[in-house]
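Everything on this sheet refers to the single structure shown next.
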Ligand code: ARG
Ligand code: ZN
């Protein structure tokens, strides 16, 4: 079942033009496809049979070649392929298929979301629409006609520009779209519905007028402005930073409520999960606004990094995703706070991607094999892939990197290429040999950098010794050393910076010597997280606290603070396990007090520094995860810091109280709200009554979702159960008609760590706002319980595991992609104690023993049980 990178062969047949005709009806959709096919001139040897992908469940009504109808004996259908022997060198294939979009619960191919038709073709969804060489190295020019009832589906959209339209019989109408840019089938899209529209325009750097259109359901028309602003910012930024101009007369975004992932970059017609495009101060949190800005930019940037230059095969997925995540991260950093953006991204990488690297599904940024490609839209391909591109940026510097990306786009415009081609462009402009660097694409696992130092006072010489290693991962016992940029600074005791720069590490062990120093420096290592590795250096608490106060690298200031906390928490976990009383060290209280009293500090930065490392991070760092100890220790620390600094928390809260300002999602305001709500959290953690009142007040009086939701979550997760129930009910009554807000309402309850969590989520799964066919609802309830409520998901009686397995088995029939993704927490079973890991394994085995598993779930389960 698995397919391998090494088996790649160029396509035997090309499709130069594709004409599609959709008759959209309530009970069925008829698709007429007309493909101009020719033998690939680059492939020599005797002609191969024509092989087209086509889902086995798709109904084929008619098939012809050059107007000759084929009879069933003229072709073969098996294992998702249609094979026709003895075709001419060049011909027109026509085929008619019948689809049932309203029954498509997998949300791949053509389906219905609420009342509208839409598509999701990446990676391999086009084969559920018609027969086609559904692989990204087959690029074709598409012309698409949609016909549908005019009153129910007044808006008919596809890729490119509309070229003709008219009325048809029985109240129907049609529109024809033409996309001049050749593209792989995974970038095809259509939408039909009764949609509201926000329209604007953008003039490109060369003077082209582009119509910008964002569509959504009528009720959401007031939530499109922020996406529009973000889109225009992204278009300008890509011109300025990468020299990339948009290339069609129209750019469209459509918001749909049923969507497996975040969004999709279909040429000229991006389709978005509502959660990544709708934003309004009253219903969307700051995090939501930032997600909209980032995802709108991400999908727009794909127009060049993904569409104009696409992937040769799906093993190259990171070519477009890693690069585009890097691009969107830099965009967000430029629009907001660079340091905060970096802290957020690295936190995600260190918790979730490092955990993936250490688990049974670990794979290189460029995987070597897969059973189901949907399972490889991972943190490794996306986020680690972006870190790999960032390292190239760090190694080459911004100017050469830009030259490299210019060359890459110029060389490969209109082509389907590989990650090697990307690196080759960077090599060409820099004259550097990046062959060792390429290991980042082929080796899985998180490298460790162990750094030690020696100070020679007589010579004034400081020597850093860097050792690197990388643990084994599935199929890769031994790793070769990586080539990586190690950004550093050297500080004196008082925090003055003596040196800074970037070291290039290549060897398993390597020494770097600095001379002319007067005293032993304190090293600030891996600044701005210059490489995706685990850095070990034996810092003293004093050194870390000094770096927290003085490092000129904002990211490392934060990181120093986190290191102090992680070490302390790891010690407390040991104490807890040994039955010793937990104690809060005075040094930490003193350091935090100083931070809190320093009114010159940026509130956003302060909020990051005063947030304790998450339970997920501590779990990732542990040899064996002790769920209860981690939770209890973190709660102890939170409560103690809350009580010890109660006055300071209140002062910070008041200092950042933005009640008199009108809401704005700019970085400074977001920073103030994040510190304010963090402070409110600590105040609540003291357990004192007045702070419950303060939170209730904030809940009722705030004019924005950020403050309201923060207050709700704090009360809902507190021991004040009556208030919790009241606020949840009030919130429900206020927002029950806002689907995205109800997702938050579900997630807040699913992640509630207080007693009775499983019973609560079980009850919520029967609640009218919950809909098991909607992936957002599933993520908010099942995903949040299993991912953000460790105490209850990992309940020692195994009830949480069984509940998840029940869901996975049920969803596997309905939406395999979502089922496989929800399953992730169970794949980490080997990291837990005997009792828990046996219970988790039992549920995986139960799934394994189930007949007719989808390829998606089968791959994850079978690899996890190895
Ligand atoms: N290319 C999209 C993005 O990252 C993701 C689409 C993934 N879809 C899927 N069914 N795996 O922007
Ligand atoms: Zn993407």
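The values are calculated or read from the model by the stated rules, or taken from the named source; none is laboratory data. The structure displayed is predicted, hence computed values, not measured ones. We place every Cβ from the backbone using ideal geometry, glycine too, and count neighbours over all the protein chains shown.
A single entry from 110, 63, 50 fulfils the requirement of being under 28 Å from residue 265 (Cβ atoms) and crowded, with 20+ Cβ neighbours inside 10 Å: 110.
For region 215-236, the count of residues that are touching a residue at least 24 places away in the same chain (Cβ under 8 Å), crowded, with 19+ Cβ neighbours inside 10 Å and more than 28 Å from residue 115 (Cα to Cα) is nonzero.
For region 258-284, a residue qualifies if it is more than 16 Å from ligand 1 (Cβ to nearest atom) and surrounded by fewer than 23 Cβ atoms within 10 Å (Cβ to Cβ), and the qualifying residues are 280, 281, 282, 283.
Here 402, 350 are screened, and the one residue that is more than 16 Å from the chain's Cα centre (by Cα) and either within 16 Å of ligand 2 (Cβ to nearest atom) or touching a residue at least 24 places away in the same chain (Cβ under 8 Å) (or both) is 402. Based on what the data block shows, is residue 333 within 30 Å of residue 476 (Cα to Cα), modelled with pLDDT of 95 or more and either out of contact with any strand residue (DSSP E or B) (no Cβ under 7 Å at 6 or more places or on another chain) or more than 16 Å from ligand 2 (Cβ to nearest atom) (or both)? The answer is no for residue 333. Taking region 315-326 as the range and being touching a strand residue (DSSP E or B) at 6+ places or on another chain (Cβ under 8 Å) and near ligand 1 (Cβ under 10 Å from one of its atoms) as the test, the residues that pass are 317, 320, 324.
Within region 91-123, being in contact with a helix residue (DSSP H, G or I) (Cβ under 7 Å, 6 or more places away or on another chain) and within 16 Å of ligand 2 (Cβ to nearest atom) holds for 121, 122, 123. For residue 455, the criteria (1) in contact (Cβ under 8 Å) with a residue 60 or more places away in the chain; (2) in contact with a helix residue (DSSP H, G or I) (Cβ under 9 Å, 6 or more places away or on another chain); (3) part of a strand (DSSP E or B) hold in every case but one, which is (2). Based on this model, can you work out whether residue 42 counts as away from ligand 2 (no atom under 16 Å from the Cβ), out of contact with any helix residue (DSSP H, G or I) (no Cβ under 8 Å at 6 or more places or on another chain) and over 26 Å from residue 190 (Cβ atoms)? Taking the combined requirement at face value, the residue satisfies it. Summed over region 16-30, residues that are touching a helix residue (DSSP H, G or I) at 6+ places or on another chain (Cβ under 6 Å) and under 16 Å from residue 159 (Cα atoms) total 0. With respect to the conditions (1) farther than 20 Å from residue 246 by Cα; (2) more than 14 Å from ligand 2 (Cβ to nearest atom), residue 308 lacks only one, and its number is (1).
Checking 246, 215 one by one, the residue that is more than 13 Å from ligand 1 (Cβ to nearest atom), touching a strand residue (DSSP E or B) at 6+ places or on another chain (Cβ under 8 Å) and part of a loop (DSSP other than H, G, I, E, B) is 246 and no other.
In the set 189, 148, 168, 164, only one residue is more than 24 Å from residue 244 (Cβ to Cβ), surrounded by 19 or more Cβ atoms within 10 Å (Cβ to Cβ) and out of contact with any helix residue (DSSP H, G or I) (no Cβ under 7 Å at 6 or more places or on another chain); that residue is 148. Identify all residues within region 355-375 that are buried (at least 20 other Cβ atoms within 10 Å of the Cβ) and assigned to a helix (DSSP H, G or I); write none if there are none. 355, 356, 357, 374, 375 - these are the residues of region 355-375 that are buried (at least 20 other Cβ atoms within 10 Å of the Cβ) and assigned to a helix (DSSP H, G or I).
With the structure loaded, tell me whether residue 266 is assigned to a loop (DSSP other than H, G, I, E, B), within 16 Å of ligand 2 (Cβ to nearest atom) and closer than 22 Å to residue 204 by Cα or whether it fails that test. Criteria met by residue 266.
For (1) away from ligand 1 (no atom under 11 Å from the Cβ); (2) under 30 Å from residue 604 (Cα atoms); (3) without any contact (Cβ under 8 Å) to a residue 24 or more places away in the chain, each residue gets a yes or a no:
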{"residue": "293", "(1), (2), (3)": "yes, yes, no"}
{"residue": "300", "(1), (2), (3)": "no, yes, no"}
{"residue": "303", "(1), (2), (3)": "yes, no, no"}
{"residue": "329", "(1), (2), (3)": "yes, yes, no"}
{"residue": "334", "(1), (2), (3)": "yes, yes, no"}
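Meeting the requirement of 1 or more residues that are closer than 20 Å to residue 284 by Cβ, the helices (runs of 4 or more DSSP H) wholly within region 721-779 are 721-735, 739-750, 775-778.
Inclusion of residue 479 among residues that are surrounded by 16 or more Cβ atoms within 10 Å (Cβ to Cβ) and within 20 Å of residue 356 (Cβ to Cβ) is warranted.
Provide a single number: the residues in region 249-263 that are under 25 Å from residue 376 (Cα atoms), more than 16 Å from ligand 2 (Cβ to nearest atom) and part of a loop (DSSP other than H, G, I, E, B). Residues meeting the conditions: 2.
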